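Visitor: Take a look at this one; I'll ask things after.
The values are calculated or read from the model by the stated rules, or taken from the named source; none is laboratory data. This structure is a prediction, so every number in the text was calculated from the model and none was measured. Here the Cβ positions follow ideal geometry from the backbone for every residue, glycine too, while neighbour counts run over all protein chains shown.
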Amino acid sequence: ACTLCHACVSNCPTPALKSGGNTPALSFLEADCVQCGLCEQACPEDAITLEPGFLAAPARETRHICHEEAAFEC
């Protein structure tokens, strides 16, 4: 399961994967993904499975949340 370590974001050569900034989240924009597989290789939790293909639907232009958690409170 994703722990939001963002190793995938750090290794992605495009802006396809993005951290949530001030919120614990990970988002993905398929239109920017070049399917290089670096995110899958970098994930220490094996939470990413790359499925080669091409989504021709307009949804590929919409960033969606892959994983999100409630903000930690002190």
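Visitor: If we keep just the residues of region 24-49 that are of a type in the set (G, A, S) and part of a loop (DSSP other than H, G, I, E, B), which is nearest to E68 (Cα to Cα)?
Guide: Among residues in region 24-49 that are of a type in the set (G, A, S) and part of a loop (DSSP other than H, G, I, E, B), the one nearest to E68 (Cα to Cα) is A47.
Visitor: Can you tell me which residue in region 47-74 is surrounded by the fewest Cβ atoms within 10 Å (Cβ to Cβ), limited to those that are under 12 Å from the mean Cα position of the chain (by Cα) and farther than 14 Å from C5 by Cα?
Guide: By that ranking, first place goes to T49.
Visitor: Going by what's in this entry, would L4 be described as at pLDDT below 90, under 12 Å from the mean Cα position of the chain (by Cα) and of a type in the set (A, V, I, L, M)?
Guide: No, not satisfied.
Visitor: Taking region 50-68 as the search range and keeping residues that are assigned to a loop (DSSP other than H, G, I, E, B) and in contact with a helix residue (DSSP H, G or I) (Cβ under 7 Å, 6 or more places away or on another chain), which one is nearest to K18 (Cα to Cα)?
Guide: L50
Visitor: Check region 7-17 and report whether any residue there is out of contact with any His (no Cβ under 6 Å at 6 or more places or on another chain) and modelled with pLDDT under 95.
Guide: No, every residue in region 7-17 fails to be out of contact with any His (no Cβ under 6 Å at 6 or more places or on another chain) and modelled with pLDDT under 95.
Visitor: Take region 9-46 and flag every residue that is within 25 Å of E73 (Cα to Cα) and surrounded by 15 or more Cβ atoms within 10 Å (Cβ to Cβ).
Guide: Hits for region 9-46 are V9, K18, S19, G20, P24, A25, L26, S27.
Visitor: Between residues in region 14-30 that are within 12 Å of R63 (Cα to Cα) and residues that are among the aromatic types (F, W, Y) and surrounded by 17 or more Cβ atoms within 10 Å (Cβ to Cβ), which pairs lie under 8 Å by C-beta distance while being six or more apart or on different chains?
Guide: Sorted first by the residue in region 14-30, then by its partner, the pairs are A16/F28; L17/F28; K18/F28.
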